[in-house]
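Beneath this line is the structure, given in structure tokens, with notes to follow.
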Amino acid sequence: LRDGGPFTLQSTDMAPYKLYGMGTRAFKVELVAAFSGVELEKPPFTFGVTNRTPWFLKANPLGKIPVLFTPAGAIFESNSICRYLATLPEAQATEQLYPVATSADDLRRAHIDMWVDWSNQFDVEAPACIYPLVYPSVYKYDEARYNAGWVSVERLLQGLESHLTNDSVPYVAGQNLTLADIVLSVSLMPYFVLYFDEALRTQFPSVTKLLQKIFAHITVQQALQGSAVTPPIKRCNPTSGPNPWGEGADPFAPFQAMMSPQPWTGARTRAAFIEFFQTKAHTYWPSSAVVPVNDPTLLFTNAGMNQFKPVFLGVVDPNSDMAKMKRACNSQKCIRAGGKHNDLDDVGKDVYHHTFFEMLGNWSFGDYFKEEAISWAWELLTKVYKLSPENLYASYFEGDVKAGIPADEEARAIWLRFLPESHVLPFGAKENFWEMGDQGPCGPCTEIHYDRIGGGKAAPLG
């Protein structure tokens, strides 16, 4: 259970199906689950971090999303996940959504699979035709690629229009709404809201009718939290600058929640920290009890290092998992209500002192030191948590001549690679020399501070 994967770190309720990912493909899976009556859990997910952890790459070596974790193993590729959900024993309306063939002449499921696979072609053209409009800062518009992609999209739409018209079917695989309609409609949703102006709706009336019918379905509306899926008055033009849809509201705005990262809840903040250090070869170590076991020196666990005291004191069982670790990360539940670290007197006077809290930590046991610790801290805060570098300050130990301890110039030099000199500040032993008592582990420390006011004038307040 040390991998910190979906059934150890992220959840305590052991939900059977956990979906990791974001965007239209993840939404497609959620929609199929809703139609099937299968409950999904969406654990905290941070793109570029979660999907680079060892446990995620074990499930999907390419790190692609979405991935569904089940008690029996992991499944990737969104259409494969959709098929799996529609065939679960607890799935409702399976006979309609994804019926099992009753004879060699029963082609219902084969036709559904055919159209599910066919819909992938719209996803293939999305980087050329959709992404430059939805993610303009990441995907740049390429005229030649866009034109070639749109020719392919129109050819696909014409094929779908001919099928719906010539076969006189209300849905792609027959008389009933099936898995194929759900999958296809989600693939076409961005095209519909960005490009289906009156001219395109006139050109493809049967496709338009099908999409409008599915988008108005009560299950789809519940999944979209009531956001209407409406075509544009004017077709979007990726060459029209910041407002490619012309006047009025962004037609894709109602779906930003689907496309955007999850909010920074406490759960996601914790998970992103653990997962970030897992990508740096750290072993996740679960939180210990707040009342220490076999440690009479503490009434309560008051710091993230408590559980590693056997390592620091040299008494750890050499055959234990803890003794074999070189790097660890944890989120330790702590209580500070007495002793040296007593926060009781500060509770209620500010917004950040608590008697009970979690302490996030990354630990090196004879492995890395200041270089990696500082560099990774900077990467985590600015690249993962997206904190503004202009609001960050670092403090370091300025030295103590009387005690014969030199300044921590090594830490200062490392910080100056990331911060201007005005944001790297020296402090004395009270602030930047760590010790627990008159004897025992001690040494200079460095801290990171965030200026919530901003303006670059926090240094004189130190």
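Can you figure out the FRET efficiency of SER152 with LYS383, using R₀ = 35 Å and their beta-carbon distance, to the nearest 0.05? Before the final figure, lay out the partial values.
Details: r = 36 Å, r/R0 = 1.02.
Between SER152 and LYS383 the formula returns 0.45.
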Item to check | Distance between modelled label sites at THR239 and THR102, nm, 7 Å Cα→Cβ extension | outcome: 5.6 nm
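As an exercise, use a Förster radius of 56 Å and the Cβ-Cβ distance of MET114 and LYS280 to find the FRET efficiency, rounded to the nearest 0.05. Working shown, then result.
On the way: r = 45 Å, r/R0 = 0.80.
Using R0 = 56 Å, I get an efficiency of 0.80.
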Next on the checklist: I need the phi-derived Karplus couplings for the stretch 222-232: 6.51 cos²θ - 1.76 cosθ + 1.60, θ = phi - 60°, integer Hz, Gly and Pro marked x.
Outcome noted: 5, 5, 8, 6, x, 6, 6, 9, 10, x, x
Checklist outcome for this item: The answer for the per residue Cα convex hull volume of the stretch 191-278, in Å³, is 155 Å³
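Just the number, please: carbon plus sulfur as a percent of the accessible area of the stretch 307-376, 1.4 Å probe, no ligands or DNA/RNA counted.
On the way: 2230 of 4140 Å².
Of all accessible area on the stretch 307-376, carbon and sulfur atoms account for 54 percent.
Relative contact order for the chain: what percent, with Cα pairs under 8 Å and sequence separation of 6 or more?
Over the chain, the number comes to 12 percent.
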Checklist outcome for this item: Karplus-derived 3J(HN,Hα) from phi for the stretch 320-337 (6.51 cos²θ - 1.76 cosθ + 1.60, θ = phi - 60°), whole Hz, x at Gly and Pro, runs 7, 4, 4, 5, 8, 6, 9, 9, 9, 9, 8, 10, 9, 6, 10, 10, 10, 9
Item to check | Average silhouette area of the stretch 341-397, convex hull of alpha-carbon atoms, in square nanometres | outcome: 6.1 nm²
Checklist entry - How far apart, in nm, are two points set 7 Å out from the Cα along the Cα-to-Cβ line at ASP321 and at HIS353? => result 3.7 nm
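Say a site is exposed when it is one of the GluC sites (Glu not before Pro), sits in a DSSP loop, and has at most 16 other Cβ atoms within 10 Å; what is then the longest site-free stretch of the chain? Display every interim value, and only then the final one.
Working: sites that count: GLU39, GLU77, GLU90, GLU247.
Here the longest run is 248-462.
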Checklist entry - By how many degrees, between 0 and 90 and to the nearest 10, does the Cα long axis of helix 108-129 differ from the longest principal axis of the chain? => result 60 degrees
Next on the checklist: Taking the Cα centroid of the stretch 175-237 and of the stretch 256-326, what is the distance between the two, rounded to the nearest whole Å?
Outcome noted: 47 Å
Item to check | Length gained when the stretch GLU143-GLU371 is fully extended (0.36 nm per residue, less Cα-Cα span) | outcome: 77.6 nm
Item to check | HN-Hα J in Hz across the stretch 187-201 - Karplus 6.51, -1.76, 1.60, θ = phi - 60°, x for Gly and Pro | outcome: 4, 8, 4, x, 5, 5, 7, 9, 10, 7, 6, 4, 5, 6, 5
Checklist entry - Where in the stretch 63-114 are there chymotrypsin sites (Phe, Trp or Tyr not before Pro) that are in a DSSP coil and have at most 15 other Cβ atoms within 10 angstrom of their Cβ? => result none
Item to check | Amide H within-cut-off set for PHE433, under 5 Å, with H built and near neighbours excluded | outcome: CYS445
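Counting other C-beta atoms within 10 Å, and keeping those with at most 16, which DSSP coil trypsin sites (Lys or Arg not before Pro) do you find in the stretch 36-100?
Numbers: sites: ARG52, LYS58, LYS64, ARG83; in loops: LYS64.
Loop-located and lightly packed - LYS64.
Counting heavy atoms of the protein chains only and a 1.4 Å probe, report the per residue accessible area for the chain as a whole number of Å². Intermediate values should be presented prior to the final figure.
Values: 23920 Å² over 462 residues.
Dividing the accessible area of the chain by its residue count gives 52 Å².
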Checklist entry - the stretch 396-443: which trypsin sites (Lys or Arg not before Pro) are DSSP loop and have at most 13 other beta-carbon atoms within 10 angstrom? => result LYS402, ARG417
Checklist entry - What is the gain in length, in nm to one decimal, between THR219 and TYR450 on full extension, counting 0.36 nm per residue of separation less the C-alpha to C-alpha distance? => result 78.8 nm
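The values are calculated or read from the model by the stated rules, or taken from the named source; none is laboratory data. This one's a predicted model, so the numbers in the text were calculated from it and none came from an experiment. Heads up, the Cβs are rebuilt from the backbone with ideal geometry, glycines too, and the neighbour counts pull from every protein chain shown. Heads up: the accessible areas ignore ligands, DNA and RNA and are worked out on the full protein's heavy atoms, side chains in. Shrake-Rupley method; radii C 1.70, N 1.55, O 1.52, S 1.80 Å.
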